[in-house]
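S.K.: Please read through the structure below; I'll follow up with questions.
The values are calculated or read from the model by the stated rules, or taken from the named source; none is laboratory data. Being a predicted model, the structure only gives us computed values, none of them experimental. Every residue, glycine as well, gets a Cβ built from its backbone with ideal geometry; the counts of neighbours run over all protein chains shown.
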Amino acid sequence: MKRTVLVLGAGGYVGRKLMDALSRCEDMQPIACLRRQSSTMGHASVCFDATDPVELEKHISGIDVVVNCIGSDPTVMKRSAQALLQAARSNGPLIVHFSSMAVYGSACGLLDENAPLRGDIGAYANAKVEIERLMASYPRRIILRPGCIYGPGSPAWSSRIARLLKARRLGDLGAAGDGIANLVHVDDVAAGVIAGIRTPECAGQVFNLAMKNPRTWNDYFISFAKALGAVPVRRIGEKMLKAEGKVFAPALKILEILAGKLPVSLDLPPFMSPGLLSLFRQDITLVSEKAERELGLVWKDLEIGLRDSALFEEEKK
């Protein structure tokens, strides 16, 4: 029999990719949860507010698995998680919850799933920690802590990086880019969800998701630039990085907020926040051996992932 899988946040990047992967599984029947109807989804879908426990309880009745991919602002994430837990207690589905490596905050070194949760790098990280603690009270749950999810069309870690590399605003950052890039391909993330659903003994477990033997951010930028043809790779100095974080980022953020109030969309250039620049320096390595061992995950080769991402960016033109 097919497992019915309701994907919350199915309109986002990870949610869409997960819906595609689930639809290819003969033992899965995925249903997309959207805030508003979309003609581009191409899958069975329902539309409702996932922060409403009454609506959630109605829609998860008879559902085997709920995957929580909601990753918007911290308030929405917390409200939707609280609503999900309230609704799930009377229905008992397996919950696969997407957390983030952000729960480890500013920690450095090798971190497995038993590392302390710090969430000390902003509201998003703190919200992810709070939600994990809420989820701990629900026994039929799997928590995934992915690193930086890249892949064709990834807004944050592929498309944004590609635009910055092509504009020569990103490249070899020197010491400022020697932090560890805990990357995970979106296909591997989807594979982790599917493996968790198919493995009953994983209920109650937490899994880091990040590729083995990660490179530095400088390595990632240079390799991606070569795949994109954005060469020669520019050396970005400290003065330029300070300007990115203290001048360009605040100005572009204000423009982004103002643009959101306009009836037409504006194609604003991406910006690098101070938090992002700090990540590029952070010497943190997610240990994902548990996911390899218990979920059977094999990480996509980075060069293949970069080639596919570069091809996607080229086809967008």
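S.K.: With respect to the numbered conditions (1) modelled with pLDDT under 95; (2) crowded, with 18+ Cβ neighbours inside 10 Å; (3) touching a Phe, Trp or Tyr at 6+ places or on another chain (Cβ under 9 Å); (4) not acidic (Asp, Glu), which one is the sole condition not fulfilled by ALA87?
M.R.: In the conditions (1) modelled with pLDDT under 95; (2) crowded, with 18+ Cβ neighbours inside 10 Å; (3) touching a Phe, Trp or Tyr at 6+ places or on another chain (Cβ under 9 Å); (4) not acidic (Asp, Glu), ALA87 misses (3) alone.
S.K.: Evaluate region 48-64: report whether one residue or more is in contact (Cβ under 8 Å) with a residue 60 or more places away in the chain, on the phi < 0 side of the Ramachandran plot and not small (Gly, Ala, Ser).
M.R.: yes
S.K.: Which pairs have Cβ atoms under 6 Å, sit 6 or more apart or on different chains, and link a residue in region 301-317 that is touching a residue at least 24 places away in the same chain (Cβ under 8 Å) and among the polar types (S, T, N, Q) to one that is part of a helix (DSSP H, G or I) and crowded, with 16+ Cβ neighbours inside 10 Å?
M.R.: SER309/SER158
S.K.: Here's a check for you: in region 65-124, which residue that is part of a helix (DSSP H, G or I) and touching a residue at least 60 places away in the same chain (Cβ under 8 Å) is nearest to the chain's Cα centre (by Cα)?
M.R.: If we take residues in region 65-124 being part of a helix (DSSP H, G or I) and touching a residue at least 60 places away in the same chain (Cβ under 8 Å), then MET101 is nearest to the chain's Cα centre (by Cα).
S.K.: A further question follows. Residues of region 20-37 being assigned to a strand (DSSP E or B) and either modelled with pLDDT under 95 or of a type in the set (A, V, I, L, M) (or both), which ones?
M.R.: Of everything in region 20-37, those that are assigned to a strand (DSSP E or B) and either modelled with pLDDT under 95 or of a type in the set (A, V, I, L, M) (or both) turn out to be MET28, ILE31, ALA32, CYS33, LEU34.
S.K.: Right, here's the next one. Please specify each residue of region 239-261 satisfying the condition of being of a type in the set (Val, Ile, Thr) and modelled with pLDDT of 85 or more.
M.R.: Correct list: VAL247, ILE254.
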